[in-house]
Amino acid sequence: SEDKIAIGQRFVTKLWNVANFTYPFLKDYEMPGSAPPLLPADKWVLSRLQSLVVEASDSFKSYDHAAAKSMVEVYFWDVIADNYIEMVKNRLYVPGEDTPEKQSAKYALYLVLLTILKLLAPIMPHITEEVFQLLFKKRHEEISLHLMGWPDTQPELIDSGAEASGQAMVAIATEARRYKSENKLSIATPLNQIKITSAQSELVKELLASITDIQSVTRAKNVVVVQGMSDSPSPESSLGVAVQVE
């Protein structure tokens, strides 16, 4: 149907746009032999990626290509395009030296994008090959994406704590977007402050390590993270955080 064609075209366009966004950061990137120290948002997307590889691979083995395609598209839109890319922009755009924070983001972006291309290759052979040639070809012996091996899971990247903190950051971003929508503000409008409260000490620690990413995705000038019960009239969410936007 025309609707399905339009949805597919939108996805292909967004995939290409994400590739173009990452190109300046990945064009000369040399993948290290092991993971560098990773920030919470990077751990989150990589941990979620491991589940995606398992689930999509199982669907392909069962000849359920539609389910596999749907899983990859949901991950790409909900995790990468709508949230993760917006979280890491501030880190990537910092001028000057290649900081550990930049290295963490580049490592995650490289693995995520290459894996997404491999998972989509049987279904979208042309756009995946184009992106592979743009971003990854010169670092691999294979002359084509379609000659590369199927992605394996990396158990060392599975991190339930990182997945919890990542989902909390998505909830924070969602609350900021809701506030802007209700107040008829552009999504790019800066916010004065976001106050995040959680009773979970481990989550507070992860959020404190993610201040730059939270500022990036919400456009908040100041982010305050405190441990304790919220004094906000809104109840603490099921993800363990209460958010006040100013």
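Considering segment 201-231, and only residues there that are surrounded by 12 or more Cβ atoms within 10 Å (Cβ to Cβ) and over 23 Å from the mean Cα position of the chain (by Cα), the residue that is modelled with the highest pLDDT turns out to be VAL226. Taken as a whole, segment 39-62 holds at least one residue that is more than 25 Å from ARG139 (Cβ to Cβ), among the aromatic types (Phe, Trp, Tyr) and part of a helix (DSSP H, G or I). Contact map, segment 46-57: first residue closer than 12 Å to GLY166 by Cβ and touching a residue at least 24 places away in the same chain (Cβ under 8 Å), second residue of a type in the set (Val, Ile, Thr) and part of a helix (DSSP H, G or I), Cβ cut-off under 8 Å, separation 6 or more or different chains; pairs are LEU46/VAL112; ARG48/VAL79; LEU49/VAL112; LEU49/THR115. Is there a residue being of a type outside the set (Lys, Arg), modelled with pLDDT under 95, part of a helix (DSSP H, G or I) and farther than 18 Å from LEU49 by Cα anywhere in segment 134-142? Within segment 134-142 (the criterion being of a type outside the set (Lys, Arg), modelled with pLDDT under 95, part of a helix (DSSP H, G or I) and farther than 18 Å from LEU49 by Cα), the answer is yes, since at least one residue qualifies. I'm checking my understanding of the structure. Among residues of segment 90-149 that are more than 24 Å from ALA41 (Cα to Cα) and polar (S, T, N, Q), which one is nearest to the chain's Cα centre (by Cα)? Out of the qualifying residues, it is THR128.
In segment 175-200, the residues that are without any contact (Cβ under 8 Å) to a residue 24 or more places away in the chain and closer than 28 Å to ALA164 by Cβ form Cβ pairs under 9 Å with partners that are in a strand (DSSP E or B) and aliphatic (A, V, I, L, M), at six or more places apart or across chains, as follows: ARG178/VAL245; LYS180/LEU191; LYS180/VAL245. Annotation: ASP28 fulfils all but one of (1) among the charged types (D, E, K, R); (2) assigned to a loop (DSSP other than H, G, I, E, B); (3) touching a Ser or Thr at 6+ places or on another chain (Cβ under 6 Å); the unmet one is (3).
Output the helices (runs of 4 or more DSSP H) that fall wholly within segment 145-239 and possess 1 or more residues being touching an Asp or Glu at 6+ places or on another chain (Cβ under 9 Å), or say none.
Where helices (runs of 4 or more DSSP H) fall fully within segment 145-239 and carry at least 1 residues being touching an Asp or Glu at 6+ places or on another chain (Cβ under 9 Å), they are 160-182, 211-218.
Step by step: first the residues of segment 1-32, then only those that are under 18 Å from LEU109 (Cβ atoms) and aliphatic (A, V, I, L, M), then the one that is surrounded by the fewest Cβ atoms within 10 Å (Cβ to Cβ). Which residue is that? Of everything passing the filter in segment 1-32, MET31 is surrounded by the fewest Cβ atoms within 10 Å (Cβ to Cβ).
If you check ALA121 against the conditions, is it in contact with an Asp or Glu (Cβ under 7 Å, 6 or more places away or on another chain) and either of a type in the set (Phe, Trp, Tyr) or in contact (Cβ under 8 Å) with a residue 12 or more places away in the chain (or both)?
no
The values are calculated or read from the model by the stated rules, or taken from the named source; none is laboratory data. Note that the structure is predicted; figures quoted are calculated from it, not measured. Every residue, glycine as well, gets a Cβ built from its backbone with ideal geometry; the counts of neighbours run over all protein chains shown.
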